[in-house]
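Scroll down for the structure; my scribbles are underneath it.
We did not get these values from a lab; they are worked out from the coordinates using the rules stated. Remember, predicted model here, so these are calculated numbers, not experimental data. For neighbour counting, all protein chains shown are included, and Cβ atoms are generated from backbone atoms with ideal geometry for every residue, glycine included.
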Amino acid sequence: MSASYSDDADPSLLANSRPGDNSEPLSVSDLSRSLKRVVEDRFGFVRIRGELSGVKRAASGHLYCSLKDDKSVIDGVMWKSAAPRLAFRPEDGVEVIASGKVTTYAGRSKYQIVIERMELAGEGALLALLEKTKARLEAEGLFADARKKPLPFLPRTIGVVTSPTGAVIRDILHRLSDRFPSHVIVWPVVVQGETAKGQVSAAVRGFNALERGGAIARPDLLIVARGGGSIEDLWAFNEEEVVRAIAESEIPVISAVGHETDTTLADFAADHRAPTPTAAAERAVPVRAELAAGIADLGARQMRCATRPVALGRERLEACSQRLPRPDALLQAAAQALDDATERHRRALVDRVAIGRATLGEAAARLSPATLNWRLGQARERLEHVRLMPATLTTRHARATERLAANVAMLRSLDPDAPLGRGYAMVFDGQGALVRSAGDARAAGTLSLKFADGRVAASTGDAPPPPATPAPAPKPRRKSPPPPSGQGDLF
Amino acid sequence: MAEDPQNISDMSFEEALRALQQVVRQLEDGEVPLDQSIALYERGEKLRAACQARLDAAQARIEAIVLDAKGQPSGTKPFDGSE
């Protein structure tokens with residue numbers, strides 16, 4: 001390209017060929033083709049270091065991205081055929097070393113690197129990628145405490161996902177048998193390299209897929225373990241595939257990856273992180289001897305509890321029964337009282353009989369014929385003193401007869417009707433009253449005259465005489481004059 | 001009582017152990033009447049025997065998964081660590 005344009009200062013309107021210049025102008029495609037050839041020849045294999053940006057995985061499976069440093073940027077593409085060989089998941093901001101060839105894309109006047117391989121640019125980049133993945137999964141909640149499942153106190157079957165060879169499985173089995181001989185099912189996997197993540201995640205999912213009560217016992221605890229190594233050695237346990245398998249495991253998982261200082265994302269996802277495989281075994285099972293001792297202790301304690309109230313009750317019963325008075329002592333007083341009463345009862349009868357007898361004796365003593373005789377004598381004596389003589393009565397009788405005769409004579413002489421025989425009459429007025437004077441007779445007007453043999457009606461001269469009334473039958477001498485007053489004084 | 005005594009065989013070791021601890025605590029508290037404490041003790045003894053049986057039955061059995069051609073577990077074989 002030594003052609004000089006300096007002598008041709010003024011650009012003309014038309015392009016014209018100069019004499020001696022027999023080169024025709026290139027077409028765009030010609031130039032593009034030529035550029036492509038030059039670039040691909042010159043940059044057929046390059047390794048470039050840069051930070052990924054604009055990472056995009058197309059539906060076609062091709063991966064598009066840019067690589068940049070502080071000043072420049074170059075587009076990159078990783079065809080579908082190469083992408084599966086990636087050992088990591090490309091993320092923006094991760095520094096990588098990409099290997100491939102530079103090609104041009106004539107249609108857009110662009111060049112780009114077709115990446116055959118892409119690796120992280122050193123451990124720093126690896127850690128940076130790890131942090132990014134961790135942040136992403138954490139944001140998704142995969143590591144949340146709420147997801148952590150409690151480990152069984154005493155697992156019936158323990159599933160171990162690890163390499164079947166090497167110290168790790170030996171340590172685990174050894175510590176398990178020391179503490180509590182258990183049923184262990186090992187799912188052998190490779191724990192390093194390309195296939196590790198697939199095998200480990202398949203093992204975790206495979207244990208979960210076992211049916212309860214199936215031919216293969218389904219573990220109720222998983223241990224995912226790997227010995228120590230470099231961050232690259234442990235990388236499978238940072239793989240999203242493994243992390244998700246552990247996080248999604250229904251069976252509780254203990255992780256034990258690497259040494260105590262190594263922490264992988266699998267550890268964050270596990271329900272319990274053990275620093276070493278041995279520690280995982282310790283966490284998995286309790287010490288059988290301690291449990292046996294604990295159970296024996298509980299047995300002894302409950303035995304004590306069950307027997308203590310009985311012993312206590314027996315003691316109290318004994319104490320009480322000692323305080324109880326002896327039965328014979330209890331009866332003594334009553335027996336004595338009974339004896340006493342019996343004695344008194346017996347004696348009382350005897351006494352009563354004696355008293356009765358004494359009283360009888362006394363009475364009998366007083367009851368003698370002499371007493372009666374004495375009283376009889378006395379009565380007779382008193383009788384003798386009574387003078388009941390006939391003369392007493394006869395004398396009084398004679399005297400009374402005498403007095404009676406005198407009184408009878410007296411009575412006869414005093415009979416008012418007696419003079420009637422001798423010619424006298426008695427005058428009565430109309431009312432039957434005795435008329436004692438002539439005045440009375442004149443006043444009465446009508447009179448009745450009583451004679452010894454009957455009555456006659458009469459009237460005074462002043463009035464016609466009333467018709468004669470039949471004389472009443474002469475009254476018996478019942479209307480005797482009152483006895484002489486001296487009659488009561490008979491004695 | 002919270003659990004039916006018949007369920008002891010269905011209990012996990014931990015459940016049985018916890019139940020046993022509770023029985024002992026109840027007995028030790030001395031709140032349970034004597035008659036009832038005898039029943040409680042009997043239950044505790046059953047729980048203790050169940051726990052003990054579980055411990056006595058414990059023996060190491062180590063197996064390894066055998067995968068078939070499709071990578072599915074087809075069975076187990078004794079594991080001796082010498083693969």
Query - Convex hull of the range A:28-121 built on C-alpha atoms - directionally averaged projected area, nm² - result: 6.2
Requested in this report: Tell me, rounded to the nearest percent, the portion of alpha carbon pairs in the range A:404-467 spaced more than 15 Å apart.
Outcome: 57
Report summary line: Diffing the range A:88-93: the Karplus 3J(HN,Hα) column from phi (6.51, -1.76, 1.60, θ = phi - 60°), in whole Hz with x for Gly and Pro, holds 8, 9, x, 10, 4, x
Report task. Work out how far the C-alpha atoms of the range A:287-340 reach from end to end along every principal axis, then list the three figures in whole Å, largest first. Result -> 81, 10, 9
Query raised in the report: Straight-line reach from A:K450: which lysines have a Cα under 29 Å away, not including same-chain ones fewer than 8 places off?
Result: A:K475, A:K479
Requested in this report: Would you give the gap between the C-alpha center of the range A:310-364 and the C-alpha center of the range A:264-286, rounded to a whole Å?
Outcome: 89
Report summary line: Here D for the range A:36-81, in µm²/s, from Stokes-Einstein with a Kirkwood Rh over Cα pairs at 20 °C and 1.002 mPa s, works out to 180
Query raised in the report: Measuring from centroid to centroid over Cα atoms, what is the spacing of the range A:183-202 and the range B:1-70 in Å?
Result: 36
Requested in this report: Find the Rg to Rh ratio for the range A:336-405, where Rh is the Kirkwood radius over alpha-carbon pairs and Rg uses the same atoms.
Outcome: 1.67
**Report entry** Scattering profile of the range B:8-83 at q = 0.26 Å⁻¹ [log10 I(q)/I(0), Debye over alpha-carbon scatterers]
**Finding:** -1.09
**Report entry** Number of partner chain Cβ atoms within 10 Å, mean per residue of A:282-294
**Finding:** 2
Report summary line: The residues A:E362, A:E282, sorted from fewest to most surrounding Cβ atoms within 10 Å, come out as A:E362, A:E282
Query - Long-range HN-HN contacts of A:V55 with modeled amide H, under 5 Å - result: A:S66, A:D92
Query raised in the report: Cross-link list A:K148/A:K197; A:K36/A:K80; A:K80/A:K148; A:K149/B:K77; B:K46/B:K77: which exceed 32 angstrom alpha carbon to alpha carbon?
Result: A:K80/A:K148; B:K46/B:K77
Query - Mean separation of Cα contacts under 8 Å, 6 or more apart, over the residue count of chain A: relative contact order % - result: 8
Query raised in the report: What stretch of chain A, leaving out the sites themselves, is the longest with no trypsin sites (Lys or Arg not before Pro) in a DSSP loop having at most 16 other Cβ atoms within 10 Å?
Result: A:213-386
Requested in this report: List the residues whose amide H sits under 5 Å from the amide H of A:L120, counting only those 5 or more places along or on another chain, with H placed 1.01 Å from N in the peptide plane.
Outcome: A:I97
Query raised in the report: Of A:A167, A:L151, A:P181, which is farthest on the positive side of the dipole of the range A:142-193, counting Cα position, with +1 on Lys and Arg Cβ, -1 on Asp and Glu Cβ, and the Cα centre as origin?
Result: A:L151
Query raised in the report: Whole number please: convex hull volume per residue of the Cα set in the range A:188-344, in Å³?
Result: 197
Query raised in the report: What is the order of A:V224, A:V77, A:V242, fewest Cβ neighbours within 10 Å to most?
Result: A:V77, A:V242, A:V224
Report task. Compute the projected area of the convex hull of the Cα atoms of chain A, averaged over all viewing directions, and report it in nm² to one decimal place. Result -> 109.5
Query raised in the report: Helix B:13-29 versus the longest principal axis of chain B: what is the Cα-based angle in degrees, 0 to 90, to the nearest 10?
Result: 20
Query raised in the report: Given 4 °C and 1.567 mPa s, how large is the Stokes-Einstein diffusion coefficient of the range A:114-181 in µm²/s, with Rh as the Kirkwood radius over Cα pairs?
Result: 79
Report summary line: Expressed in µm² per second, the diffusion coefficient of the range B:23-65 from the Stokes-Einstein equation, with Rh the Kirkwood radius over alpha carbon pairs, at 25 °C and 0.890 mPa s, is 197
Query raised in the report: So what's the angle, to the nearest 10 degrees on a 0 to 90 scale, between helix A:369-385 and the longest Cα principal axis of chain A?
Result: 40
Query raised in the report: If we count every other residue with Cβ under 10 angstrom of A:L67's Cβ, Lys/Arg +1 and Asp/Glu -1, where does the sum land?
Result: -2
Report summary line: Here Rg/Rh (Cα, Kirkwood) for the range A:154-222 equals 0.98
Query raised in the report: Out of residues 5 or more away from A:T157 or on other chains, whose amide H comes under 5 Å of its own, with H placed 1.01 Å from N in the peptide plane?
Result: A:D220, A:L221
Requested in this report: Rounded to whole Hz and in sequence order, give me ³J(HN,Hα) for the range A:48-60 from the Karplus expression 6.51 cos²θ - 1.76 cosθ + 1.60, θ = phi - 60°, writing x for Gly and Pro.
Outcome: 10, 10, x, 9, 6, 8, x, 5, 9, 9, 7, 4, 5
Requested in this report: For the range A:73-79, just list the computed ³J(HN,Hα) in residue order, Karplus coefficients 6.51, -1.76 and 1.60, θ = phi - 60°, integers in Hz, with x standing in for Gly and Pro.
Outcome: 9, 9, 6, x, 9, 10, 5
Query raised in the report: For A:S72, A:S255, B:S12, what's the fewest-to-most ordering of other Cβ within 10 Å of each Cβ?
Result: A:S72, B:S12, A:S255
Query raised in the report: Normalised by the residues of the range B:8-78, what does the relative contact order come to in percent, with Cα pairs under 8 Å and at least six apart?
Result: 28
**Report entry** Angle between chain A longest axis and helix A:28-42 axis [Cα atoms, degrees, rounded to 10]
**Finding:** 80
Query raised in the report: Along the positive direction of the dipole of the range A:28-121 (beta-carbon charges: Lys, Arg +1; Asp, Glu -1; about the Cα centre), which of A:V94, A:G76, A:S32 reaches farthest?
Result: A:S32
